[in-house]
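Please read the structure below before turning to the comments.
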Amino acid sequence: MLDRKKWTAERANEWYARVGVIKGCNYLPRTAVNMTEMWQAETFDPGTIDEELGWAEKAGYNSVRIFLQYLVWQDDPDGLKKRLDQFLAIADRHGMRAMLILFCDCAFSGKEPYLGKQDEPVPGVHNSQWVPSPGLKRVTDRNAWPDLERYVKDVVGHFGQDQRVLIWDLYNEPGMSDMGENSIPLLEAAFRWARSVRPTQPMTTGPYTFDFTDAVPSTALDLSDVISFHNYLPATELEGYIAICKQYNRPVLCTEWLRRQHDNTFQSMLPIFAKHHIGWYHWGLVAGRTQTYLSWESKPGDPDPEIWQHDFMHPDGTAYDAGEILLIKQFEFGTGHSNTRR
């Protein structure tokens, strides 16, 4: 069925039953410092992507969540779509479907996005060169919106019936970087534009705040076909957020998690996801130029930590913790204990 309306809960739940258990990660290749470097023609790295997704396949993953960059599309629409098609082909060979993200308000670098050579990562600093999409200034600049509309309609229109695309996450963490409610109009517009081209995949946007009743998260949840959320809190607090999400009677995905030093780990989180039938994407596959194995609190020049915050593998493909691979391979929906048997 193709339509321009939000999916019914029944349709969303039928979709979830059909796709099965989702075990994924947020993915950039280790050679990319941000999504601009990932997608620009000069630095797009299919060889590394193929290698790393091969490692992920062996570890038991079946999906990846990836960020697109509006500025790369603006500069070269056909080129971005060609490279995305190449990425999806690689992922498909490794048994993975993709969650695609169009916009993002996160700006760890404090910079607006830019083309060309990206700045080098700052030693000791977590995700030091991450830039938003389309850029915080464009979010509220209505003069920029006609081109943002073309971007959404072009990408979603091109891949909207592609079976390799599992779901659209239209806007990552709207309201971040002190944007607050200023991001709501573009969030609503993104859903409207995407639905106008009638994709066959569902759409979502996940809250990151602690209070889901605030205007931005409540808008995101109300717009979504499938409910998603982020959680970096200790596992003891996870079920309270799941309970809020379950009130919508729709499938629930946790699309960002993993903060090992705060009891947000594979060992503590996966049993809860299994118990409540939550599909998941933790942050980070291979430690690389984003340096997200470092903590958010890390400072320039800090040594590598003994306990990684995010990420799953070393650059040579060996696991940070081999026990985590076993948990992923054995993960299934059920009582909350099926994924921890030895």
Inset, instruction - Looking for whichever is crowded, with 18+ Cβ neighbours inside 10 Å and either touching a residue at least 40 places away in the same chain (Cβ under 8 Å) or not hydroxyl-bearing (Ser, Thr, Tyr) (or both) here; the options are Leu115, Leu84. Which one fits? - result: Leu84
Legend entry - Pair list, Cβ < 6 Å and 6+ apart or interchain, from the stretch 169-189 residues that are aliphatic (A, V, I, L, M) to residues that are crowded, with 19+ Cβ neighbours inside 10 Å and assigned to a strand (DSSP E or B): Leu170/Leu102; Leu170/Met203; Leu187/Tyr171
Legend entry - Only listed residue being surrounded by fewer than 22 Cβ atoms within 10 Å (Cβ to Cβ), touching a Phe, Trp or Tyr at 6+ places or on another chain (Cβ under 7 Å) and closer than 27 Å to Glu10 by Cβ, chosen from Ile272, Ile244: Ile244
Legend entry - Filter result (within 17 Å of Ile101 (Cα to Cα), modelled with pLDDT under 95 and out of contact with any helix residue (DSSP H, G or I) (no Cβ under 7 Å at 6 or more places or on another chain)) within the stretch 203-216: Tyr208
Legend entry - Selection count, the stretch 197-256, where residues are within 24 Å of Val19 (Cβ to Cβ) and β-branched (Val, Ile, Thr): 10
Inset, instruction - Return yes when Glu256 is buried (at least 23 other Cβ atoms within 10 Å of the Cβ), under 26 Å from Met203 (Cα atoms) and modelled with pLDDT of 95 or more and no when it is not. - result: yes
Inset, instruction - Could you check Thr140 against (1) touching a Lys or Arg at 6+ places or on another chain (Cβ under 9 Å); (2) of a type in the set (S, T, N, Q); (3) surrounded by fewer than 21 Cβ atoms within 10 Å (Cβ to Cβ) and say which number it fails? - result: (1)
Inset, instruction - Output the residues belonging to the stretch 2-33 that are in a helix (DSSP H, G or I) and over 21 Å from His282 (Cα atoms). - result: Ala9, Glu10, Arg11, Ala12, Asn13, Glu14, Trp15, Ala17, Arg18
Inset, instruction - Would you be able to say whether some residue in the stretch 208-219 is in contact with a Ser or Thr (Cβ under 7 Å, 6 or more places away or on another chain) and either assigned to a helix (DSSP H, G or I) or under 21 Å from Lys5 (Cβ atoms) (or both)? - result: yes
Legend entry - Selection from the stretch 301-317 of residues that are over 26 Å from Val252 (Cα atoms) and either of a type in the set (Asp, Glu) or more than 23 Å from the chain's Cα centre (by Cα) (or both): Gly301, Asp302, Pro303, Asp304, Pro305, Glu306, Asp316
Inset, instruction - Hey, can you tell me all the residues within the stretch 1-50 that are in contact with a helix residue (DSSP H, G or I) (Cβ under 6 Å, 6 or more places away or on another chain), more than 30 Å from Ile325 (Cα to Cα) and small (Gly, Ala, Ser)? - result: Ala41
Legend entry - Single match in Ser298, Ser228 (criterion: of a type in the set (Gly, Ala, Ser), buried (at least 16 other Cβ atoms within 10 Å of the Cβ) and over 21 Å from the mean Cα position of the chain (by Cα)): Ser298
Legend entry - Subset of the stretch 1-23 [over 24 Å from Arg195 (Cβ atoms) and buried (at least 19 other Cβ atoms within 10 Å of the Cβ)]: Lys23
Legend entry - Leu136 being more than 16 Å from the chain's Cα centre (by Cα) and closer than 30 Å to Arg259 by Cα: yes
Legend entry - Boolean, Phe229 is at pLDDT 95 or above, under 17 Å from Leu100 (Cβ atoms) and either of a type in the set (Phe, Trp, Tyr) or out of contact with any Leu (no Cβ under 8 Å at 6 or more places or on another chain) (or both): no
Inset, instruction - Scan the stretch 45-70 for residues that are assigned to a helix (DSSP H, G or I) and touching a Phe, Trp or Tyr at 6+ places or on another chain (Cβ under 7 Å) and report the count. - result: 2
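The values are calculated or read from the model by the stated rules, or taken from the named source; none is laboratory data. Keep in mind the model is a prediction, meaning the values are calculated, not measured. Every residue, glycine as well, gets a Cβ built from its backbone with ideal geometry; the counts of neighbours run over all protein chains shown.
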